[in-house]
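Okay, structure first, notes after.
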Amino acid sequence: MTIDPYIILGAAIVGFLVGMTGAGGGALMTPMLILLFGIKPSTAISSDLVAAVLMRPLGAGVHLRQAP
Amino acid sequence: MNLRLVRWLVLGSVPLAFLGAAGLPRCLSAQPDGAPVPLAGAAALGALAFGHVQFGVTASLAIGSVPGVFVGSLLSSTAPDRYVRPVITFVVAASG
């Protein structure tokens, strides 16, 4: 129930890469949570999925606005 | 938006990474951002119902990744290809 500033920083880096390339959401985020922050795999998978629903439409929206 | 392209990406988004590394990233790299959203939505519903969602972890991820995605997609749709391509190569190498 605590908000971890290091997870925020890591998520910002992964989010930047996802927005830049469109690839690597779960493939980078979940291993980061498990290997770097020692979060239980089941928790990491569930939390990553819920966060992806929030961030991916935003990235798609930005790209749609910029599309020719 | 080319609907057939989106459908193709949902079926096979892995080869896309190689396309991006090989040299046609711009028009394609926006598509995989949007294509798996219904898929992720269904998976997130399942995780919320049966999984182990922890509010603190999810909130931290959302707070960090939302501005990150915003800046990243803004940059990738304006920056020249030669800056985007090395990043795509890194992501493919790191996640593959």
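Any read-out appearing in this document is the output of simple, stated calculations on the displayed coordinates, not a laboratory observation. Bear in mind that the values here come from a model prediction, so they are computed numbers and not experimental data.
Could you state the angle between the C-alpha long axis of helix A:41-66 and the longest principal axis of the C-alpha atoms of chain A, as a value from 0 to 90 degrees rounded to the nearest 10?
With rounding to tens, the tilt is 20 degrees.
Assign one of three labels to chain A, namely rounded, prolate or oblate, based on the Cα gyration tensor with a ≥ b ≥ c the square roots of its eigenvalues; rounded applies when a/c is under 1.5, prolate when it is not and a/b is larger than b/c, and oblate otherwise. Each step should come with its number before you reach the end.
Details: a/c = 2.21, a/b = 2.16, b/c = 1.02.
The shape class here is prolate.
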